[in-house]
Amino acid sequence: MTQDELKAAVADKAINEIEPWLEQDTVLGIGTGSTANLFIDRLKPLRDRFRGAVASSEASAQRLKSLGIDVFELNSVGTLPFYIDGADEVNANLQMIKGGGAALTREKIVAACAERFICIADHSKYVSQLGNFPLPVEVIPMARSYVARQLVGLGAEPVYRQGVVTDNGNQIIDCYDFMIDDPLAMEAKLNAIVGVVTNGLFADRGADVLLLGNQEGVERIT
Ligand code: 5RP
């Protein structure tokens, strides 16, 4: 199977995972990226079975709306039963690097409100140590150079993601050459730098379920 076919397979499995729990008042948390898009597309035939969704990006919100699915502001809903999203890397503890699509802050906020985080990923994302994928850090624009200097101090090679403005009006620095031994500690350390809005380590709030697509099928890891 190709990578795209594996992404489609995990999107199918995620539908199976949530479908029995859908009720008329259910609002789903929906992520961002190519895998999340495949999941969104599969929600269309189910759209009359649930109330709607909260999206982690403007792009996902637009896609949901184009399929006739109502999109709500997070502040107007309470706890979400599920958050479904992809990842750039995920380890055996279901800790992740996310933010390749620059949506990390809203992803982290929506995930925080969810009872269950279902991560959907093809096997290329499954790693023994996080950090081969450059770790994104969202920064307030005026703090970019300061934050970059602090990141060098932590051992990273920071690269400004040129031309990208997040949905929150901020900028992204990607941390290269930054293998992460202790994701929980590093997540907290990065968040403590003045000017950092969020970093792409999802360690404190990792996934609850990983649906991992490989050539043998979709593995369910908890
Ligand atoms: C966006 C993300 C995505 O979940 C991550 O980049 C994976 O994307 P894809 O499913 O396209 O591989 O964190 O900010």
- Would you be so kind as to identify which of 20, 209, 152 lies farthest towards the positive end of the dipole of the chain, taking Lys and Arg as +1 and Asp and Glu as -1 on Cβ and the Cα centre as origin? 152
- Message: Using 23 Å as the Cα-Cα cut-off, could you pick out the over-long pairs in 44/108; 13/98; 7/44; 13/44?
- Response: 44/108
- Query: So what are the ³J(HN,Hα) numbers for the range 185-192, from phi and the Karplus equation (6.51, -1.76, 1.60; θ = phi - 60°), rounded to whole Hz, Gly and Pro as x?
  - Reply: 5, 5, 4, 5, 4, 5, 5, 7
- Message: For the ranges 72-85, 93-106, what's the packing order if you count other beta-carbon atoms within 10 Å of each residue, average per peptide, and put the highest first?
- Response: 93-106, 72-85
- Message: Please report the antiparallel percentage of the DSSP beta bridges confined to the chain, to the nearest 5.
- Response: 55
- Query: Sorted by average packing, counted as other Cβ atoms within 10 angstrom per residue and highest first, what order do 27-39, 198-210, 134-146 take?
  - Reply: 27-39, 198-210, 134-146
- More than 25 Å apart: what percent of Cα pairs in the chain qualify? 37
- Please say if the range 77-149 is rounded, prolate or oblate, where rounded means a/c under 1.5 for a ≥ b ≥ c the square roots of the C-alpha gyration tensor eigenvalues, and otherwise the choice is prolate for a/b larger than b/c and oblate otherwise? oblate
- Query: With labels modelled as points extended 7 Å from the Cα through the Cβ direction, what inter-label distance (nm, one decimal) is found for residue 26 paired with residue 192?
  - Reply: 4.1
- About its Cα centre, what dipole magnitude does the chain give when the only charges are +1 on Lys and Arg Cβ and -1 on Asp and Glu Cβ, stated in debye to the nearest 20? 440
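A short reminder: the numbers here are calculations on the coordinates, not readings from a lab. Everything quoted here is computed from the prediction, not taken from an experiment. All Cβ positions, even for glycine, are placed from backbone atoms using ideal geometry, and neighbour counts span all protein chains on display.
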